[in-house]
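The values are calculated or read from the model by the stated rules, or taken from the named source; none is laboratory data. Quantities reported herein were computed from a predicted structural model and do not represent experimental measurements. FYI the Cβ positions are ideal-geometry reconstructions off the backbone, even for glycines, and counts take in every protein chain you see. SASA here: full protein model, heavy atoms, side chains in, ligands and nucleic acids out. Shrake-Rupley method; radii C 1.70, N 1.55, O 1.52, S 1.80 Å.
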Amino acid sequence: MEYTLTQEMVKEYERHLRLAERSSGTILKYLHNIEQFRRYLPRETAVTKETVIAYMLKCKHRFFEKKGQR
């Protein structure tokens, strides 16, 4: 199954987090992470399991490069 991550979906997720009474800090962090993922995706690219895994691996490599590890 494929999805396109739309701004409306992000807004709906933010509403969900607020209704779930998440802290403002948590909401900001989650929305920041979503925005970073959206920037990683080429325009109009479907969100698939493969794109999520590729993004997670990129984040992992970036984290370990900052730590000086691999």
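In region 1-8 there is at least one residue matching the filter, namely being without any contact (Cβ under 8 Å) to a residue 12 or more places away in the chain, in a helix (DSSP H, G or I) and out of contact with any helix residue (DSSP H, G or I) (no Cβ under 6 Å at 6 or more places or on another chain).
Of the residues examined, Arg38 is one that is under 12 Å from the mean Cα position of the chain (by Cα), open to solvent by 40 Å² or more (accessible area, probe 1.4 Å) and under 19 Å from Lys11 (Cα atoms).
Each row is one residue, and each column tells you yes or no for (1) in contact with a Ser or Thr (Cβ under 6 Å, 6 or more places away or on another chain); (2) at pLDDT below 90; (3) surrounded by 11 or more Cβ atoms within 10 Å (Cβ to Cβ); (4) among the aliphatic types (A, V, I, L, M).
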position	(1), (2), (3), (4)
Glu2	yes, yes, no, no
Val10	no, no, yes, yes
Leu17	no, no, yes, yes
Glu21	no, no, no, no
Tyr30	no, no, yes, no
Ile34	no, no, yes, yes
Ile53	no, no, no, yes
Lys66	no, yes, no, no
Arg70	no, yes, no, no
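Annotation: of all residues in region 13-52 being in contact with an Asp or Glu (Cβ under 7 Å, 6 or more places away or on another chain) and part of a loop (DSSP other than H, G, I, E, B), the one that is nearest to Tyr3 (Cα to Cα) is Ala46.
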